[in-house]
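Input: a single structure, listed below in structure tokens.
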Amino acid sequence: MNMIAAMAGITDSNFLKQYMKDNIDIITLGGYSCDNETYNAARKIVDRGRCEFIVKPEDLADHINCEVNKLRNYKPKWKGKICANIRATNPESFKNLDNCNVDIIEVNAHCRQPEMIKAKTGQTLLGDIKRLEAIIEYVCDNLKCELSLKMRANVDNIDTIEIIEMLESYPIQYIHIDAMKPGVMMADLDIINTISNITSKHLIGNNSVKTHKDYINMINSGADSVSIARAAVNCDIDEIFRIS
Ligand SMILES: Cc1cc2nc3c(=O)[nH]c(=O)nc-3n(C[C@H](O)[C@H](O)[C@H](O)COP(=O)(O)O)c2cc1C
């Protein structure tokens, strides 16, 4: 499957409409902040000039539902899934999303802006596996949609394999890996290969896919699906996702 990944401040319904096409299977709204800590962090990021989606946590479910309705009404025949990427600090933060009508909720253990790290969300969750596990347990027990965990590989002092193994005992459907490697401008295909060999989950490979060759390399390394973010802004995605 082919996916458009989250880009905070960019991937709203207006942006995503162009990707409701036969060669795209999942489009992602967000990232959104679903509690006061992450909301305040997002506001601080905006204050220093970066784009973010600023929606109050108590209004988030209604906002997402409205975005989903706009998309579905725009192209009722499109059969793909709509995902929402969510930043949270605690399991209970996801209470705000009980009534969301998205197909997939993606727990964000990925963002690493200083404000998000200070709020103890995003990538910070990778270093606090008990809290991450409590969040995964909560969303599995309480949300009715499919679930994904988005995380970065090759983070200092983080045992990626331990996290992948922890996820194995929960009924989440997707593991979405940003296979970045510090100092390298291409995805770490070895880590995709390693993860694909130890997980039964649907593995979405991400990072620096800009050409059809990058896409094929990601698939050949064991990814079940491939996601792109920056290339959705400035590359020919029909060429990237072409059937060869
Ligand atoms: C402007 C921008 C905003 C992003 N916001 C988010 C986000 O809110 N949540 C998230 O999980 N990833 C976010 N990402 C990361 C992307 O989803 C993706 O993992 C990363 O850019 C690497 O993939 P790419 O090489 O295809 O761009 C963002 C990336 C960019 C460029």
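The values are calculated or read from the model by the stated rules, or taken from the named source; none is laboratory data. Keep in mind it's a predicted model, so treat the numbers as computed, not measured. So basically every Cβ, Gly included, is an ideal-geometry build from the backbone, and we count neighbours across all protein chains shown. SASA here: full protein model, heavy atoms, side chains in, ligands and nucleic acids out. Shrake-Rupley method; radii C 1.70, N 1.55, O 1.52, S 1.80 Å.
Summing charges over neighbours of Asp22, with a neighbour being any other residue whose Cβ is under 13 Å away from its Cβ, gives +3 when K and R count +1 and D and E count -1.
The 3J(HN,Hα) values that the Karplus relation (6.51, -1.76, 1.60; θ = phi - 60°) gives for the range 139-145 are, in residue order, 5, 5, 6, 10, 9, 8, 8 Hz. Gly and Pro appear as x. The residues of the range 1-142 have, on average, 44 Å² of accessible surface per residue, using a 1.4 Å probe with all protein chains present. Three principal axis extents of the chain based on alpha-carbon atoms, in descending order, are 45, 43, 37 Å. When nucleic acids and ligands are ignored and a 1.4 Å probe is applied, Arg242 ends up with an accessible area of around 100 Å². Centre-to-centre, using Cα atoms only, the range 164-231 and the range 39-70 are separated by 27 Å. In sequence order, the range 195-200 has phi-based couplings of 5, 4, 7, 10, 10, 9 Hz under the Karplus curve 6.51 cos²θ - 1.76 cosθ + 1.60, θ = phi - 60°, and Gly or Pro positions carry x.
Sorting 207-218, 106-117, 190-201 by average packing, meaning the other beta carbons within 10 Å per residue, from highest down gives 106-117, 207-218, 190-201. Place a +1 charge on the Cβ of each Lys and Arg in the chain and a -1 charge on the Cβ of each Asp and Glu, then give the dipole magnitude about the Cα centre in debye, rounded to the nearest 20. That gives a dipole near 740 debye. Counting only protein heavy atoms and a 1.4 Å probe, the range 191-244 has 47 square angstrom of accessible area per residue.
Shown for the range 89-162: the carbon plus sulfur share of the solvent-accessible area, taken with all protein chains present and a 1.4 angstrom probe, equals 43%.
The apolar share of the surface of the range 181-226, taken as the fraction of accessible area on carbon and sulfur atoms (1.4 Å probe, ligands and nucleic acids excluded), comes to 52 percent.
For the cross-link pairs Lys70/Lys118; Lys144/Lys181; Lys79/Lys120; Lys70/Lys144; Lys56/Lys181; Lys120/Lys213, the ones whose C-alpha atoms lie over 30 Å apart are Lys70/Lys118; Lys144/Lys181; Lys79/Lys120; Lys56/Lys181; Lys120/Lys213. Each other residue within a Cβ distance under 11 Å of Ala6 adds +1 if Lys or Arg and -1 if Asp or Glu, for a net charge of -1.
For Gly31, the residues whose modelled amide H falls within less than 5 Å of its own, excluding neighbours fewer than 5 places apart on the same chain, are Met7, Ala8, Gly9.
Within the shell of other residues whose beta carbon sits under 11 angstrom from the beta carbon of Tyr32, the net charge comes to -4, with Lys and Arg scored +1 and Asp and Glu -1.
Across Tyr19, Tyr174, Tyr74, mean-square fluctuation computed from a Gaussian network of the chain (C-alpha pairs under 10 Å connected) peaks at Tyr74.
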